[in-house]
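Enquirer: Can you keep this structure in mind? I'll have questions shortly.
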Amino acid sequence: MTGRLPMGFPAQDLPPRVRIHEVGPRDGLQNEKTVVPTEIKAEFIHRLADAGLTTVEATSFVHPDWVPQLADAEQLFPLLGDIRGVGLPVLVPNARGLDRAMALGARRIAVFGSATETFAKRNLNRTIDESLSMFAPVVAKARADKIHVRGYLSMCFGDPWEGPVPVHQVVQVAKRLMDLGCDELSLGDTIGVATPGHVQSLLAELNEEGVPTSAIGVHFHDTYGQALSNTFAALQHGVTTVDASAGGLGGCPYAKSATGNLATEDLVWMLNGLGIETGVDLGRLTATSVWLAGQLGRPSPSRTVRALSHKES
């Protein structure tokens, strides 16, 4: 019976299709207290691809001391060579990270900036200006080799140290990040404090400053239970790229108040009900998150995973 649910009731003026940028293997697993074996990570990514996700962020080429959970990037990425038709972006913090990724054939990368000075210093040990200067040659080299570049911008809606972040401040940093040559911008609600009106105000001001909606993705955390509401607000504005993490894995190791990402299953359930295509098989995705939860030794925080797995048991 649940295979026929949710019932579809398309809403007016929403995109017909959304691309889900799956971040579980990178943003999700990097926040785990224990290191997940490389072969489990590889199987996780293969299962996500088999579930129909077309973009799966695979790993991060950062120094092992920064994120020890992802220290096996060189060992993991070659295990994904048989995956076809799926983008496998990787995070690179600097020129060295880009070189490591390119040596393994990565064709999609991401750099990770901050809209606030405090988080830039805590996350990258640099000011905003210094971090953008570090990214400039990375983006230029990647673009010269026709590698797709995503720019992450964190703390777009609030910062645990600085408090409210003015919209114009976020827009200024976002525009500078895009001016480096990024193909895509992901707006991060790192501590989950965004609300729908705030989301639409930021998107509108970005448009006014020349950043097109087609280049924008959204990345919400569910700290206050607002991730789906904020996603719907972004959809109403025309956003068609939404970041999510299978099973609701993840947070941010540098911001203690950051809880889990928007669960991919919860997102797919809502989009299915709105008649928006994703290409994702919710049953296979749920089974993947149940499997991974077993590997991690704890239940998935995703409400949809819990509901569907309970009905099937």
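The values are calculated or read from the model by the stated rules, or taken from the named source; none is laboratory data. Computed from a predicted model, the values in this text were never measured in an experiment. As a convention, Cβ positions derive from the backbone with ideal geometry for all residues, glycine included, and neighbour counts pool all protein chains shown. Accessible surface is based on the protein model in full, side chains and every heavy atom, while ligands, DNA and RNA are left aside. Shrake-Rupley method; radii C 1.70, N 1.55, O 1.52, S 1.80 Å.
Enquirer: Checking the condition surrounded by fewer than 17 Cβ atoms within 10 Å (Cβ to Cβ), polar (S, T, N, Q) and in a loop (DSSP other than H, G, I, E, B), which residue from THR34, THR118 passes? Outline the logic, then answer.
Expert: Numbers: THR118 fails: in a loop (DSSP other than H, G, I, E, B).
Answer to the selection: THR34.
Enquirer: What are the residues in region 248-270 that are more than 20 Å from ARG150 (Cβ to Cβ) and either among the polar types (S, T, N, Q) or modelled with pLDDT of 95 or more (or both), if any?
Expert: Correct list: SER257, THR259, ALA263, GLU265, ASP266, VAL268, TRP269, MET270.
Enquirer: Checking the conditions here, which among GLY163, GLY197, GLY188 is modelled with pLDDT of 95 or more, at positive phi, small (Gly, Ala, Ser) and out of contact with any helix residue (DSSP H, G or I) (no Cβ under 7 Å at 6 or more places or on another chain)?
Expert: Numbers: GLY197 fails: at positive phi; GLY188 fails: at positive phi.
From the options GLY163, GLY197, GLY188, the qualifying one is GLY163.
Enquirer: Of all residues in region 103-115 being within 19 Å of GLN30 (Cβ to Cβ) and of a type in the set (A, V, I, L, M), which is surrounded by the fewest Cβ atoms within 10 Å (Cβ to Cβ)?
Expert: Filtering region 103-115 for residues within 19 Å of GLN30 (Cβ to Cβ) gives 104, 106, 108-114.
Now drop any that are not of a type in the set (A, V, I, L, M), which leaves 104, 106, 109-111.
Working: LEU104: 15, ALA106: 22, ILE109: 23, ALA110: 22, VAL111: 27.
Ranking the qualifying residues of region 103-115, first place goes to LEU104.
Enquirer: One residue is enough: does region 122-129 have a residue meeting the conditions without any contact (Cβ under 8 Å) to a residue 12 or more places away in the chain, under 22 Å from THR59 (Cα atoms) and either touching a Cys at 6+ places or on another chain (Cβ under 6 Å) or not charged (D, E, K, R) (or both)? Reasoning before the result, please.
Expert: Taking region 122-129 first, the residues without any contact (Cβ under 8 Å) to a residue 12 or more places away in the chain are 125-127, 129.
Then drop every residue that is not under 22 Å from THR59 (Cα atoms), which leaves 125.
Right, trim to either touching a Cys at 6+ places or on another chain (Cβ under 6 Å) or not charged (D, E, K, R) (or both) and you get 125.
So far as region 122-129 goes, yes, one or more of its residues are without any contact (Cβ under 8 Å) to a residue 12 or more places away in the chain, under 22 Å from THR59 (Cα atoms) and either touching a Cys at 6+ places or on another chain (Cβ under 6 Å) or not charged (D, E, K, R) (or both).
Enquirer: Just to be sure I understand the filter: pairs with C-beta atoms under 8 Å, separated by 6 or more residues or on different chains, first member in region 1-30 and touching a residue at least 24 places away in the same chain (Cβ under 8 Å) and open to solvent by 60 Å² or more (accessible area, probe 1.4 Å), second member of a type outside the set (Val, Ile, Thr) and not in a loop (DSSP other than H, G, I, E, B). Which pairs pass?
Expert: Hits for this filter: GLY3/GLY283; MET7/GLY273; PHE9/GLY273; ASP13/GLN236; PRO16/GLU277; ARG17/GLU277.
Enquirer: When region 82-96 is examined, which residues are found to be surrounded by 13 or more Cβ atoms within 10 Å (Cβ to Cβ) and either under 28 Å from THR240 (Cβ atoms) or among the acidic types (Asp, Glu) (or both)?
Expert: The answer is ILE83, VAL86, GLY87, LEU88, PRO89, VAL90, LEU91, VAL92, PRO93.
Enquirer: Also, quick follow-up: Hey, can you tell me all the residues within region 271-303 that are more than 18 Å from GLU43 (Cβ to Cβ), at pLDDT below 95 and part of a helix (DSSP H, G or I)?
Expert: The one that is more than 18 Å from GLU43 (Cβ to Cβ), at pLDDT below 95 and part of a helix (DSSP H, G or I): ARG303.
Enquirer: Take the residues in region 44-81 that are among the polar types (S, T, N, Q) and open to solvent by 20 Å² or more (accessible area, probe 1.4 Å), then tell me which one is nearest to LEU104 (Cα to Cα).
Expert: GLN75
Enquirer: Identify all residues within region 172-212 that are closer than 13 Å to SER154 by Cα and either touching a residue at least 60 places away in the same chain (Cβ under 8 Å) or assigned to a loop (DSSP other than H, G, I, E, B) (or both); write none if there are none.
Expert: Here is the first cut: in region 172-212, the ones closer than 13 Å to SER154 by Cα are 173-174, 177, 185-194.
Correct list: VAL173, LEU177, SER186, THR190, ILE191, GLY192, VAL193, ALA194.
Enquirer: Does ARG100 fit the bill of being more than 19 Å from LEU48 (Cα to Cα), open to solvent by 60 Å² or more (accessible area, probe 1.4 Å) and not in a loop (DSSP other than H, G, I, E, B)? Can you show your working first?
Expert: Values: more than 19 Å from LEU48 (Cα to Cα): yes; open to solvent by 60 Å² or more (accessible area, probe 1.4 Å): no; not in a loop (DSSP other than H, G, I, E, B): yes.
No; evaluated as a whole, the condition is false for this residue.
Enquirer: Name the residue that is most open to solvent (accessible area, probe 1.4 Å), counting only residues in region 121-170 that are of a type in the set (Gly, Ala, Ser) and not in a helix (DSSP H, G or I). Break it down into steps so the answer makes sense when it comes.
Expert: Start the filter on region 121-170 by keeping residues that are of a type in the set (Gly, Ala, Ser), which leaves 131, 133, 136, 140, 142, 144, 151, 154, 158, 163.
If we keep only those that are not in a helix (DSSP H, G or I) as well, we get 151, 154, 158, 163.
Working: GLY151: 0, SER154: 3, GLY158: 5, GLY163: 25 Å².
Only one residue tops the list, namely GLY163.
Enquirer: With respect to LYS41, determine if the residue is open to solvent by 60 Å² or more (accessible area, probe 1.4 Å), over 16 Å from the mean Cα position of the chain (by Cα) and either under 30 Å from LEU274 (Cα atoms) or free of Cβ contacts under 8 Å to residues at least 40 places away in the same chain (or both).
Expert: Details: open to solvent by 60 Å² or more (accessible area, probe 1.4 Å): no; over 16 Å from the mean Cα position of the chain (by Cα): yes; either under 30 Å from LEU274 (Cα atoms) or free of Cβ contacts under 8 Å to residues at least 40 places away in the same chain (or both): yes.
So LYS41 fails the test.
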